[in-house]
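Only one structure is covered here, and it is reproduced in the block below.
The values are calculated or read from the model by the stated rules, or taken from the named source; none is laboratory data. From a predicted model like this one, the values you see are computed outputs, not experimental measurements. Note that we place each Cβ from the backbone using ideal geometry, even for glycine, and neighbour counts take in every protein chain shown. Surface accessibility is based on the protein's heavy atoms, side chains included, excluding ligands, DNA and RNA. Shrake-Rupley method; radii C 1.70, N 1.55, O 1.52, S 1.80 Å.
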Amino acid sequence: MPPNLTGYYRFVSQENMDNYLRALDINVVLRKLVCLLKPDKEIIHTGDHMVIRTITSLRDYVMDFDLGVQFEEDLGPVDGRKCQTTVSWEGDQLVCEQLGEKRNRGWRHWLEGDKLHLRMTAEDEVCVQVFQKVK
């Protein structure tokens, strides 16, 4: 049975964000700004329904979805694109596949103790973020 990810998580660290954003064709000014942000995550996980809020001082981003059901995701706040997105479990990892203009786009979340890990991919770039559960 997959873990329940419900909780509030504070940003701890990230690696390779600039190159990941470059792979998404984000302009240099916005890339520099995003690399300075320290986002928090709030996850509400109820059965096969999830809401993931990424919270920053600049803008929040909300994903509200049912597991295993493809939906159109508007990534306008991120890079101006729309994707056909499916989120499902692979073992203990929550895996998101975002089909659209960019090859190999998606992410995966998993827990190690009270730390939430996020691995984001686009093209050949990988960005890893770590968050600490606070409640």
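Measure off, as a whole percent, the carbon and sulfur share of the 1.4 Å-probe accessible area of segment 3-135, all protein chains present.
On the way: 3520 of 7060 Å².
Roughly 50 percent of what the probe reaches on segment 3-135 is carbon or sulfur.
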For Lys82, the lysines lying under 19 Å Cα to Cα, once residues fewer than eight places off in the same chain are dropped, come out as Lys102
Of Leu30, Leu99, Leu116, the most mobile residue in a GNM of the chain (C-alpha springs, cutoff 10 Å) is Leu30
Once phi for every residue in segment 123-129 is put through the Karplus expression 6.51 cos²θ - 1.76 cosθ + 1.60 (θ = phi - 60°), the whole-Hz ³J(HN,Hα) values, with Gly and Pro written as x, are 6, 9, 9, 10, 10, 10, 10
Given 31-41, 118-128, the highest-first ranking by average Cβ count within 10 Å works out to 118-128, 31-41
Straight-line reach check, Lys38, cutoff 16 Å on alpha carbons, 8 or more apart in-chain or any other chain, hits among lysines -> Lys115, Lys133
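How much area per residue is accessible in segment 81-135 when the probe is 1.4 Å and only protein heavy atoms are counted (Å²)? Can you show the working numbers first?
Numbers: 2750 Å² over 55 residues.
Accessible area per residue: 50 Å².
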